[in-house]
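Every read-out reported here was derived from the displayed coordinates using simple, explicitly stated rules and does not represent laboratory data. This is a predicted model, so every value here is computed, not measured. Here Cβ is always computed from backbone atoms with ideal geometry, including for glycine, and neighbour counts include all displayed protein chains.
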2 protein chains.
Amino acid sequence: MKAWLSRLTADLPSSLTSCEDLARFELAHAIPSVSFEFQHDPALGEEFRISRKENHAVCIAGGSAGILYGAYALIRNFLEGNSLPDHLESSPRYSLRMINCWDNADGSVERGYSGQSLFFQNGKLSYDPFRMRELGRLMASVGLNVLCINNVNVHFPAQLLLEDMLPDAAALADLFRPFGVRLMFSVDFSQPMRHGIPTADPLNPAVLSWWKETAARVYSAIPDLAGFLVKADSEGRPGPFTYGRNHADGANMLAEAVRPFGGIIVWRCFVYNCRQDWRDTMTDRPKAAWEHYAFLDGTFADNVILQVKHGPFDFQVREPVSPLLLGMKKTNLAMELQLAQEYTGQQIDLYTMIPMWKELFEELPEENIMSVAAVSNLGNDENYTGHPLAAVNFYTYGLLAWNPAIDPRKAVSSWVNLTYAFSPEDERTLTDLLLSSRRTYEKYTAPLGLGWMITPHTHYGPNPSGYEYDLWGTYHKADRNAVGIDRTASGTGYLLQYPDDLQRKYADPETCPDLYLLFYHRLPYSFRMKDGRTLIQRIYDDHFEGLAETEKMSRLLLTLPFPEPDKTVISDRMQRQLHNAKEWCDIINTFFHRLSGADDLHGRVIYE
Amino acid sequence: MKAWLSRLTADLPSSLTSCEDLARFELAHAIPSVSFEFQHDPALGEEFRISRKENHAVCIAGGSAGILYGAYALIRNFLEGNSLPDHLESSPRYSLRMINCWDNADGSVERGYSGQSLFFQNGKLSYDPFRMRELGRLMASVGLNVLCINNVNVHFPAQLLLEDMLPDAAALADLFRPFGVRLMFSVDFSQPMRHGIPTADPLNPAVLSWWKETAARVYSAIPDLAGFLVKADSEGRPGPFTYGRNHADGANMLAEAVRPFGGIIVWRCFVYNCRQDWRDTMTDRPKAAWEHYAFLDGTFADNVILQVKHGPFDFQVREPVSPLLLGMKKTNLAMELQLAQEYTGQQIDLYTMIPMWKELFEELPEENIMSVAAVSNLGNDENYTGHPLAAVNFYTYGLLAWNPAIDPRKAVSSWVNLTYAFSPEDERTLTDLLLSSRRTYEKYTAPLGLGWMITPHTHYGPNPSGYEYDLWGTYHKADRNAVGIDRTASGTGYLLQYPDDLQRKYADPETCPDLYLLFYHRLPYSFRMKDGRTLIQRIYDDHFEGLAETEKMSRLLLTLPFPEPDKTVISDRMQRQLHNAKEWCDIINTFFHRLSGADDLHGRVIYE
């Protein structure tokens, strides 16, 4: 019911208004047998240093937030069944650990699978203060510190966050402050035009002046606002292109407006041609972000952060790391993840993300980015995430944002321990199951890096040709002989956007890792994989395995002693996942069988 | 602006309250140089007999409606440029010539492409009396006599037509009565359950009793109501199946309720499994209507009419005539057509239907049916039909319903003459163009009887695999070798529902007419057509021809001297049709090229 807070049984009273108050309250209730002392040291900021005093009391030193994070680190450790450490020091790898909510002012959530907005209703801020404290607790307990409450697609009247809604937003910021959480707002680049200015041209002095005045007003109400988040010139949003300006012009103008207040501008790099002609084989959507941004490296103000989706497409099950994250060395970068399971099962199918995130860091040196952001998977459902087990993604995202080196098994197991008081065996079963869930989903949905065989618009369930002739630039061009797009130098050239070592790794289908094979290459169904199987047989095998694994997962899951109401919700959704996996397996296999004519070597049923 | 009434320049005053008044007014304004006499003979009913008196006056004998129809026949004849006939006698082939509006009480029109409802707004009857008279005039001028004003899918509160809305509906009936037009209502089979009766079981006496009382109340307000139209047990509508009853039980119960008032029950035969599993090859949707109804032949009351869609699927560009229309000899049947261009261009693309209707009558003896019905293509757009040229379908439907033997060219030419005062050459150009438009649309959309390569839900534009794995039972199962469903005795057996002569005609792909080939047969792309071409080459050729013909049509159309605003609307929609035809041509050809690998013999561009 309370995500992983189920073992923090004491409700937080509203009287706690500082990080230290909170830390004291949480420790006293969670670990009552131990006495704690705090040593406030503003210089330590979010870092904490835990030590055992001679009187056996445990001392947490840190800035305000550091003390709170130290307290939660101890509580997590304790609830995992470990003894209290004598020494523990930790500081976050990334200073901004952000959650982006795609909540609209009307209360809907774009790509939300957990009910309605926690913040908005009927065009206004409208929230339950108790749930806000609980959300703050969820965030602080895993070290997340920035919350952007409104959708990057700023639909009217969400703009009024900077205007009529500002007093209510300031009250909301007050609620989150004790949790070390600062708010952020998504803003509409054309907003000055709602105020009599005939342009939103970032080089027009009246525009800058409007934003300066607005920033001053907003920061006077919320002095610790993290900043503004902007989606510009993308999927119909306004932006600098309208005025013949580039995105550095746009971002730097806003950065100047918030600079006096210590604010930052988070500028999303999600620009592509969403009106592509399927006949046009020269345009390749994954190339778009690089083409729009790489040449601007070094031109962004120091309080601008470019927020780059982890892959070059859009949150598919498997994408290579975005070349922008590797190539823009002179720019502040944030990597954007998506906790909301848009293409990855919509919180019906199990899909634990941390194995995917760890893969990204294998190719992305930690130091390339300075922040992380994740699209929220929360909503006003009783359990916050629709599927109770989907909360593992929020939790582990927090741990990863603090420490990207964390072991995925340890992170998932920590969540299981905090959420359910399971036996060690059941805990291991659930941890294994969650850790394997992404690969299982991948097997039954996306052949070998292909992606986009999902139903357009809804993004749930199979539709193998749904995007083939559409405007979105996401084609596989499967025909009777071959499938995939050649993105090497001999094809669209996308691979040339990468450093040499990665180019070498992926350019040759003989050395390219199997799971990225059809992302980079167009190959005949008869292509021999490294293990000797043909490509088509591997596609069949993966899909049959994905279904079989789902069936096994279902049997295991139903043996676990989940408490109600989780048990019922989990069981219902598992039934839906089973149906979905069966549809995917059968439809994708039939699709490729119709094309290739190749029979399954093992004689399993592929429908006509 | 007024569809084909543009040359009837005098507005109808509201003071005209009888057919004779109207006939007199129309003749005096349209043919002022001639004097007319009426000879009222109720026994003639809708029939009219026109003769020239010795005093040179023209005499129209008939019942009230007959006189009106005679007057419009003379006016049409006159506006076509013919001299007045000395003798003309005519009576309608079918007694009920119906229009079914799919208008919802909220003002929307299901599958409507001409704006909002003419009758409803915000859950209430709400109409412009002037437009109602104009609609009556449109109907009477081509002999249509029944108007069902609400959607067969009766969404709340449309049920209130029988209740709160009844006084307003009676006033509406008054407006249409002078035009010889009687109203009809679509009813909700479960409506008794809104009134405290726990069931809608047709054999439950309380249910019959509720309907009897309701019919008495409704007929006391509208004594000449034509009757009720029912869609039951279809696509989520309630019906007798819920109670283990059959459709004769349901229809006969309602028939008993309206019998005392001379009412009829029009019962739609559109029942199929809309939750079909694509893996199930035993179920074949076209077989459904026969399986649900044929065994009931002879069991329906004499005031029940089964309304059967013209083909076994759902208003595709080309379908064989429904076997029910051929096989239910002991049942009153109505054939249902669809003027609304749901699958046939949505009043953007030109699509004149009368050539298709004539083909239906080639296989359907006129006497097999006793009525005709057509789903309306009207709405509250200024010109009533969205595309000004779409009005030809409403007009020619009226003429055909009166006389199925009518020559299509004569019918279309009559509409052109009434609508536009063109030169004979321009009239011929437009008539040719309209007559060819269906075949052109067919060429670029539907390969050889296949259908269903259209975008699901919207039903506009190509999506060649959109229905392949869906629940609707409309599959083509194209693979690398072959395409189509075998519906002969060796396949699903659908063809066995037909009389022997038709079975013989269609069973052998060597004798089956080309245009129905892939409806009845699954054939390899290498199949040799009668003209020596391969099937795949014929598919390519048809699509290229369809596009080329559209381009030619566009050039011709823009030379014609349409008045404004028609000219602008026609030109804009022609641009959209060109775009649509190009998409269809390219996408369908690419789809089949990817599957078959066959190159176009003429080297035209087929995209990757």
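The table below lists the values:
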read-out	value
Relative packing of B:319-330, B:368-379, A:37-48, A:399-410, which averages over residues the other C-beta atoms within 10 Å, highest first	B:368-379, B:319-330, A:399-410, A:37-48
Loop GluC sites (Glu not before Pro), region A:51-140 (other Cβ atoms within 10 Å of the site Cβ: 14 or fewer; DSSP)	A:Glu54
Least to most buried among B:Thr352, A:Thr559, B:Thr283 (fewest other Cβ within 10 Å first)	A:Thr559, B:Thr283, B:Thr352
Charge context of A:Met574, other residues only, Cβ under 11 angstrom, K/R +1, D/E -1	+1
Part-to-part distance (alpha-carbon centres) for region A:392-435 and region A:531-608, which is given in Å	25
Within the protein assembly as shown, percent of DSSP bridges classed antiparallel, to nearest 5	30
Net charge contributed by nearby residues that have their C-beta within less than 11 Å of A:Lys330 (K/R +1, D/E -1)	-1
Per-copy distances of the A:Thr458 label point, shortest first, in nm (7 angstrom along Cα→Cβ)	1.7
Net charge over other residues, Cβ less than 11 angstrom from the Cβ of B:Ser64 (K, R count +1; D, E count -1)	-3
Length-normalised contact order of region A:453-606 in % [C-alpha pairs under 8 Å, at least 6 apart]	22
Shielding score for B:583-596, defined as the mean number of other chain Cβ atoms within 10 Å	3
Across the identical copies, how the A:Leu84 labels are spaced - nm, sorted shortest first, 7 Å along Cα→Cβ	11.3
Reachable lysines, given that their alpha-carbon falls under 19 Å from the alpha-carbon of B:Lys505 and they are not under 8 places away in the same chain	B:Lys287, B:Lys358, B:Lys530
Nm distances between copies for A:Thr242, ranked from closest, using label points 7 Å along Cα→Cβ	5.2
The protein assembly as shown: translational diffusion in µm²/s, Stokes-Einstein, Kirkwood Rh over Cα pairs, 25 °C, 0.890 mPa s	71
Loop-located trypsin sites (Lys or Arg not before Pro) in region B:249-313, at most 14 other Cβ atoms within 10 Å (DSSP)	B:Arg275, B:Arg279
Distance (nanometres) between label positions extended 7 Å along Cα→Cβ at B:Leu502 and B:Ala405	2.3
Euclidean distance between Cα centres, region B:315-353 to region A:174-242, Å	56
Straight-distance crosslink candidates among lysines, where the alpha carbon sits under 24 Å from B:Lys2 and sequence neighbours closer than 8 are dropped	B:Lys410, B:Lys567
Spin-label pair B:Ala216/B:Lys530, simplified geometry with 7 Å Cα→Cβ offset, distance in nm	6.1
Inter-part distance where region B:141-161 and region B:459-479 are each reduced to a Cα centre, Å	31
Chain B: relative contact order in percent, alpha carbon pairs under 8 Å with at least 6 residues between	13
